[in-house]
Each structure stands twice: as C-alpha cells, then as structure tokens.
C-alpha cells in the first residue's frame, strides 16, 4: 500500500479517540448501573421516597466498589 504523502494527520487524533472510548465506557457503565438498579429495586416494597434514595446511594456505592475489584 502506497503512503499518502499529502496526508497530514491530526496531532490530536489519539486524544480524541481515547476520549471517545472513555465516554462510551462511561455511558455503558451508566446503563449497566441503571439496569442493575431497576432489577434489584423492583423487589423493594413499602419504602418511602427518602428511604429509596438512601438505598439507591448505597446500591451505587456497592456497584462502584464491585466494579473496581
């Protein structure tokens, strides 16, 4: 394959690609978290909004901890 000597690559291309992949990974993690929360919280009954908010915070902390290990 012949090299295109007129091609001037963008020096920021590697950074742009890396940031795009990081954004996709973050979006994927957010979707995973939402799906896991929905599945887990579907079984919770008799909890008011404040209690559900506290449970959500604890769930997110556990989810994040599990993801890191």
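The values are calculated or read from the model by the stated rules, or taken from the named source; none is laboratory data. All values derive from a computational prediction rather than experimental measurement. Using ideal geometry, Cβ is built from the backbone for each residue, glycine included, and neighbour counts are taken over all protein chains shown.
Given the criteria more than 23 Å from residue 67 (Cβ to Cβ), surrounded by 10 or more Cβ atoms within 10 Å (Cβ to Cβ) and at pLDDT 80 or above, does residue 15 qualify? Walk me through how you get there before you give the answer.
Numbers: more than 23 Å from residue 67 (Cβ to Cβ): yes; surrounded by 10 or more Cβ atoms within 10 Å (Cβ to Cβ): yes; at pLDDT 80 or above: yes.
Considered against the rule, which asks whether it is more than 23 Å from residue 67 (Cβ to Cβ), surrounded by 10 or more Cβ atoms within 10 Å (Cβ to Cβ) and at pLDDT 80 or above, residue 15 comes out as yes.
In region 55-69, what residues are loosely packed, with under 11 Cβ neighbours inside 10 Å and either part of a helix (DSSP H, G or I) or touching a residue at least 40 places away in the same chain (Cβ under 8 Å) (or both)?
The initial filter retains those residues of region 55-69 that are loosely packed, with under 11 Cβ neighbours inside 10 Å, namely 57-58, 61, 65-69.
Hits for region 55-69 are 57, 58, 61, 65, 66, 67, 68.
Within region 20-29, is even one residue modelled with pLDDT under 90 and in a loop (DSSP other than H, G, I, E, B)? Please lay out each step first, then the result.
First, pick out the residues of region 20-29 that are modelled with pLDDT under 90: 20-29.
Cutting the leftovers down to in a loop (DSSP other than H, G, I, E, B) gives us none.
Within region 20-29 (the criterion being modelled with pLDDT under 90 and in a loop (DSSP other than H, G, I, E, B)), the answer is no, since none of the residues qualifies.
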